[in-house]
Amino acid sequence: MNKIMIVIFWLLMGTSAFAVGVDEKRLSDPAEEARAQEIMKQLRCLVCQNQSIVDSDAGLAKDIRIIVRERILAGDTDQQVLTFMTERYGDWVLLKPPFDGATIILWLSPLLLLGVGFIIIIRNQRNRKMATSAPLSDEEQKRIAQLLNENGDN
């Protein structure tokens, strides 16, 4: 029974390769299609958010791929296609947004977080140095020994 289940599992896993859909309408010119693919790699799937539209099977990603191909057929340059998409969907559609006033926090936040982390580490190190106390005097050591002896007798 187990062997049959394993065979069925592997057969089903083999068919999963056919699950990824391919766009029906590709450009007839291979050079233009390659150009379209490069542009699509720069555009974010608005549904999946961390995938390019090339990697996404979402319906919206398919629609955006169609728009990119239409813009290329219309004679737009790569930059014109990207500008068209950002005018329509905003900078969020770009996987690598531009460095400008609206995205400065996005670009500088890793450096800001790193700086805050260093400040916290330095403050903790300084607090540890302040927390260390001077060694006990002879009188304090005798008093501790006396207290320990009293507790030991009980």
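The values are calculated or read from the model by the stated rules, or taken from the named source; none is laboratory data. All of these numbers come straight from a predicted model, not from anything done at the bench. Here Cβ is always computed from backbone atoms with ideal geometry, including for glycine, and neighbour counts include all displayed protein chains.
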* Tell me which residues, restricted to segment 87-112, are under 29 Å from R65 (Cα atoms), under 18 Å from the mean Cα position of the chain (by Cα) and not hydrophobic (A, V, I, L, M, F, W, C). => D91, K96, P97, P98, T103
* Asked: Which one of these does K96 not meet: (1) part of a helix (DSSP H, G or I); (2) at pLDDT below 90; (3) exposed (fewer than 10 other Cβ atoms within 10 Å of the Cβ)?
  -> (1)
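Consider L106 carefully, then state whether it is in contact with a Lys or Arg (Cβ under 6 Å, 6 or more places away or on another chain) and at negative phi.
So L106 fails the test.
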* Asked: Among the residues of segment 92-104, is there at least one that is among the β-branched types (V, I, T) and touching a Ser or Thr at 6+ places or on another chain (Cβ under 7 Å)?
  -> yes
* To do: Please determine, by comparing only the residues of segment 54-75 that are in a loop (DSSP other than H, G, I, E, B) and modelled with pLDDT of 90 or more, which one is surrounded by the most Cβ atoms within 10 Å (Cβ to Cβ).
  => A74
* Asked: Taking Q79, is it closer than 21 Å to P98 by Cα, at pLDDT below 90, surrounded by fewer than 17 Cβ atoms within 10 Å (Cβ to Cβ) and of a type outside the set (A, V, I, L, M)?
  -> no
